[in-house]
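The values are calculated or read from the model by the stated rules, or taken from the named source; none is laboratory data. All of these numbers come straight from a predicted model, not from anything done at the bench. Please note: Cβ atoms are built from the backbone with ideal geometry, for glycine as well, and neighbour counts cover all protein chains shown.
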């Protein structure tokens, strides 16, 4: 998608199915052009007439914003965590909050809180936060930080030629199914929520289960048969209590040019306390799908509830469906995997890229609520 203002020749493009942006304009009448492009080249454009009544680059007012991290004047390394919240602004309930660094673009969420990582060069910087009340009030505060180092942020490196598909949690055609490969039964419902959320558009997965039942939620997001390298990058929030969750599975599937489907299966295994990956120990035509334990530690019960956790998984495949799981990052902490397994299946699927998140229950019965936000999949050919 993309957007431009009035007759400006510059279109801001976002590789996503949704736009959430702050647009600066002078007071007066304007036309906002909102655009979208289909996978096969179709183009759509709609115009929105707006009237800007005031144009203040830095609105002032009583703050009402509480910054939990970092402290004003703190010395930090890059990237650093920004955590802030605002419940009211000028006695109005807060409907949105935004932040930006120095003169950079603002990031706005339809929420009452911010939980983000900010990358900055070494030196002095100012972080600005702005909250809006539901009747138009605005409140701003800022803090000074000094970055002592600006090494590459913890996490994987994405090449500039990578295709990025972001905000996958906001796609409309997610589906919930009981995973019948499990021992029990389950049911699940989904909804879009603004809180808890990082982007203002988080997806809620509410699961009920019996006999350790597993509920899988999935969505298709493309049909690329060529890309061979992938990075799964998303934020997960486990609502308290989270003791009924034993495994959290985050997978991707791709139909290759030869028509076979390669499955990138990956989960945090609460039984073994490891990150697991799938392998086809049979043949594509007569598959034997197995979970294998890695040497990387992971246990869902160790994840802090009511907190956003950043999960990044890098993997690649060859032309016949051998998958190499390279590394996993949880909240910026990397664990190397470096394992290669066959994972091609003759499923007869049409070309597709598909991702899913599965919530596995623990015990005779129970329920859980999981949130997913800022889900992005990068893909490229080396």
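Anything in the range 124-139 that is over 27 Å from the mean Cα position of the chain (by Cα) and not in a loop (DSSP other than H, G, I, E, B)? List them, or say none.
Listed by number, the residues that qualify are 124, 138, 139.
Would you point out which residue out of 86, 170 is over 28 Å from residue 315 (Cβ atoms), under 26 Å from the mean Cα position of the chain (by Cα) and surrounded by 13 or more Cβ atoms within 10 Å (Cβ to Cβ)?
Only one candidate passes the filter, namely 86.
If a residue has to be outside any loop (DSSP other than H, G, I, E, B) and under 19 Å from residue 236 (Cβ atoms) to count, how many in the range 159-174 make the cut?
Going through the range 159-174 one residue at a time, the tally reaches 5.
Any chance the range 202-218 includes a residue that's assigned to a loop (DSSP other than H, G, I, E, B) and under 30 Å from residue 326 (Cβ atoms)?
no
Taking the stated definitions as given, is residue 330 surrounded by fewer than 20 Cβ atoms within 10 Å (Cβ to Cβ) and under 30 Å from residue 239 (Cα atoms)?
So residue 330 does not fit the description; no.
In the range 269-312, how many residues are within 27 Å of residue 346 (Cα to Cα) and part of a loop (DSSP other than H, G, I, E, B)?
Of the residues in the range 269-312, 8 are within 27 Å of residue 346 (Cα to Cα) and part of a loop (DSSP other than H, G, I, E, B).
From the list 259, 182, which residue is at pLDDT 95 or above, outside the structural domain of residue 116 (by TED's automatic domain parsing) and over 22 Å from the mean Cα position of the chain (by Cα)?
259
Quick check: is even one residue across the range 273-280 more than 26 Å from the chain's Cα centre (by Cα), buried (at least 19 other Cβ atoms within 10 Å of the Cβ) and at negative phi?
yes
What strands (runs of 3 or more DSSP E) lie completely within the range 330-382 and have 1 or more residues being modelled with pLDDT under 95?
Of the strands (runs of 3 or more DSSP E) lying wholly inside the range 330-382, those with at least 1 residues that are modelled with pLDDT under 95 span 333-342.
Can you tell me how many residues in the range 243-268 are under 23 Å from residue 224 (Cα atoms) and in a strand (DSSP E or B)?
Within the range 243-268, residues that are under 23 Å from residue 224 (Cα atoms) and in a strand (DSSP E or B) number 12.
Is it the case that residue 208 is at pLDDT 95 or above, under 24 Å from residue 307 (Cβ atoms) and not assigned by TED's automatic domain parsing to the domain that holds residue 98?
Judged against the criteria, residue 208 is a match.
Given the structure, is residue 369 crowded, with 17+ Cβ neighbours inside 10 Å, in contact (Cβ under 8 Å) with a residue 40 or more places away in the chain and in contact with a helix residue (DSSP H, G or I) (Cβ under 8 Å, 6 or more places away or on another chain)?
no
With the range 19-123 as the region, which strands (runs of 3 or more DSSP E) entirely inside it contain at least 1 residues that are within 23 Å of residue 137 (Cβ to Cβ) and at pLDDT below 85?
28-37, 43-52, 107-109
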